[in-house]
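To start, the structure under review is shown below, and the notes come after it.
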Amino acid sequence: KSVLKRQFLLEQTAVSLEKQEDKDKAKILVVDDETINIQVLVNQLTLNNYYIVTALSGEEALKLIDEIDLDLVILDVMMPGMSGYQVCEKIREKYSLIELPVLMLTANSQLSKICMGFECGANDYIVKPFEKQELLARIKTLITMKNAIKQSAIDPLTGIFNRRRMSELAELIFNQYREENKVFSIVMLDIDNFKKINDKYGHAVGDHVIIELVSRCKEVLRSTDIFGRYGGEEFSLILPNTALHNAVKVAEKIRVNISKKPVKIEENKEIYFTISSGVAQAAKTTESIEEIYMMADKALYKAKEGGKNRVEI
Ligand code: GH3
Ligand code: MG
Ligand code: MG
Ligand code: MG
């Protein structure tokens, strides 16, 4: 029976993945051990233009959360195996209230159970049987809030993290890695002679070069790497679990990926541009994240002094 259940859900998911190619749709993970509950939610949410992913257990849900960039999790509390409370706590170890909202959904209306949900990291709580309108209104608010917060962390020209968010993430990673005794590296990248590109071809071409730089970097980076715009034509990378020599390899790969291929700026016009990078590693002895940024900055300066289009440590 449970195999059939799973099969049904897999098909449901496959169908919705096929139909809902629209990337703009908010993605919701529905976690419930009862197929019928999932079915009801999937139907309602799909009608309201959400992209739905489903899981029948907490264990399965946690896997999906790491694989898919979700906007909301709707979480049943009473499930065999991990309870919704446990799942929510696990989610909060990795994602904050503003990164991934969780809406708990359960038949238990006891005050202590509701409070427990919030203590475990839920953003909102709704008791079954729920009013469809109310559920939809709560979902909408949670997703709107998440998007608003996301906007404030993103650079509008390139779509990658802005400096503020990069600083927050660097701080987070620094603290986490120091506790766990792990290593990570920082790369600072700066476009060479960018002022000349602007002066010669105009600001719009300059912007286009910046956007091209971002996509060339993305071609090289892994999904766990953190990439942001530090300022004007300066970018920074946080490479988790990456020691200095490997970070240099990544920076070198990016440098080559940029310098080897021209950028098309008009129908029949292509230009080449280059970047310089400075790399530094955060090790056990590092006292603060600022210290690593300063080291990377110094290395970048060295790369510029040494003739540009190069990587230094
Ligand atoms: P270097 O090789 O030493 O890095 O020289 P550079 O010309 O790249 O550096 P400089 O700091 O002298 O000039 C950077 C220029 O980048 C100046 C600024 O007007 C331009 N800039 C900053 N942000 C943007 C942007 O968003 N778009 C465009 N088109 N230009 C920008
Ligand atoms: Mg249940
Ligand atoms: Mg520059
Ligand atoms: Mg600069």
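Where a number appears in this text, it was derived from the coordinates with a stated rule and is not lab data. Given the structure is predicted, the values throughout are model-derived calculations rather than measurements. We place every Cβ from the backbone using ideal geometry, glycine too, and count neighbours over all the protein chains shown.
Please list, or write none, the lysines whose alpha carbon is within less than 26 Å of the alpha carbon of Lys25, excluding same-chain residues fewer than 8 places away.
Here the lysines satisfying the reach criterion relative to Lys25 are Lys63, Lys90, Lys94, Lys128, Lys132, Lys140, Lys146, Lys150, Lys218.
For segment 164-246, go through all pairs of different Cα atoms, get the mean of 1/r, take its inverse, and jot down that Kirkwood value in Å. Write down the numbers at each step before the final one.
Working: mean 1/r = 0.0708 Å⁻¹.
Taking every pair of different Cα atoms in segment 164-246, averaging 1/r and inverting gives 14.1 Å.
Helix check for the chain. Which DSSP H runs span at least 15 Å along their own axis by Cα, with a mean Kyte-Doolittle hydropathy no less than 1.0?
Qualifying helices: 35-47.
Kindly point out, ordered by number, any Cys in the chain whose beta-carbon has no other cysteine beta-carbon under 4.7 Å away.
Singleton cysteines: Cys115, Cys217.
If a/c stays under 1.5 just call it rounded; otherwise compare a/b with b/c (prolate if a/b is bigger, oblate if not). Do that for segment 167-313, with a ≥ b ≥ c from the square roots of the Cα gyration tensor eigenvalues.
Details: a/c = 2.24, a/b = 2.03, b/c = 1.10.
It is prolate, given that a/c is not under 1.5 and a/b is the larger ratio.
Jot down the radius of gyration and Dmax of segment 119-161, Cα atoms only, both in angstrom.
Just the Cα atoms of segment 119-161 yield Rg and Dmax of 14.6, 45 Å.
Sorting check: for 152-159, 55-62, which peptide has the highest mean count of neighbouring beta carbons within 10 Å, and how do the rest follow?
55-62, 152-159
Rg and Dmax of segment 111-252, Cα atoms, in Å?
Answer for segment 111-252, Rg first and Dmax second: 20.7, 67 Å.
Over what distance in Å are the Cα centres of segment 200-231 and segment 112-167 separated?
Between the Cα centre of segment 200-231 and that of segment 112-167, the gap is 29 Å.
Per the Kirkwood treatment, what hydrodynamic radius in Å, one decimal, follows for segment 237-295 from the mean inverse distance over all distinct Cα pairs?
It is 13.6 Å.
What net charge is computed for the residues neighbouring Tyr201, neighbours being all others with C-beta under 10 Å from the C-beta of Tyr201, Lys and Arg scored +1, Asp and Glu -1?
On the way: positive: Lys196, Lys200, Lys269; negative: Asp199, Glu266.
Its environment carries a net charge of +1.
Please arrange Asp24, Asp33 by how many other C-beta atoms lie within 10 Å of their C-beta, fewest to most. Mind dumping the intermediate values first?
Working: Asp24 6, Asp33 17.
Sorted ascending by nearby Cβ count, the order is Asp24, Asp33.
List the chymotrypsin sites (Phe, Trp or Tyr not before Pro) in segment 213-308 that DSSP assigns to loop (not H, G, I, E or B) and whose Cβ has at most 13 other Cβ atoms within 10 Å. Which are they?
On the way: sites: Phe227, Tyr230, Phe235, Tyr272, Phe273, Tyr293, Tyr301; in loops: Tyr272, Phe273.
Taking segment 213-308 and a limit of 13 other Cβ atoms within 10 Å, the loop chymotrypsin sites (Phe, Trp or Tyr not before Pro) found are Tyr272.
Once the convex hull of the C-alpha atoms of segment 31-77 is built, how many Å³ does it hold per residue, rounded to a whole number?
On the way: hull volume 3.0 nm³, N = 47.
Hull volume over Cα atoms, normalised by residue count, gives 64 Å³.
Which aspartates and glutamates have a Cα less than 17 Å from the Cα of Lys308, not counting those fewer than 8 places away in the same chain?
Partners within reach: Asp190, Asp192, Glu233, Glu234, Glu252, Asp297.
Which value in Å is the Kirkwood Rh of segment 38-109 over different Cα pairs? If you can, show how the numbers build up before the last one.
Values: mean 1/r = 0.0786 Å⁻¹.
Over segment 38-109, the inverse of the mean reciprocal pair distance is 12.7 Å.
Rounded to the nearest 500 deg cm²/dmol, what is the calculated helix-only ellipticity per residue at 222 nm for the chain, with -39500 (n - 2.57) per DSSP H run of length n ≥ 4? Don't skip to the answer; put the middle values down first.
Values: 11 runs with 158 residues, N = 313.
When only DSSP H runs of four or more count, the value is -16500 deg cm²/dmol.
In whole Å, what three semi-axes, largest first, describe the equivalent ellipsoid of segment 139-203 built from its Cα gyration tensor (square root of 5 times each eigenvalue)? List each step's numbers first, then the result.
Working: eigenvalues 178, 116, 8 Å².
Rounded to whole Å, the semi-axes are 30, 24, 6.
In square nanometres, what is the average projected area of the Cα convex hull of the chain? Mind dumping the intermediate values first?
Details: hull surface 77.5 nm².
Here the figure is 19.4 nm², rounded to one decimal.
For the chain, what proportion of DSSP beta bridges, expressed in % and rounded to the nearest 5, is antiparallel? Write out the running numbers ahead of the final one.
Numbers: 24 of 44 bridges.
Once the DSSP bridges in the chain are tallied, antiparallel ones form about 55 percent.
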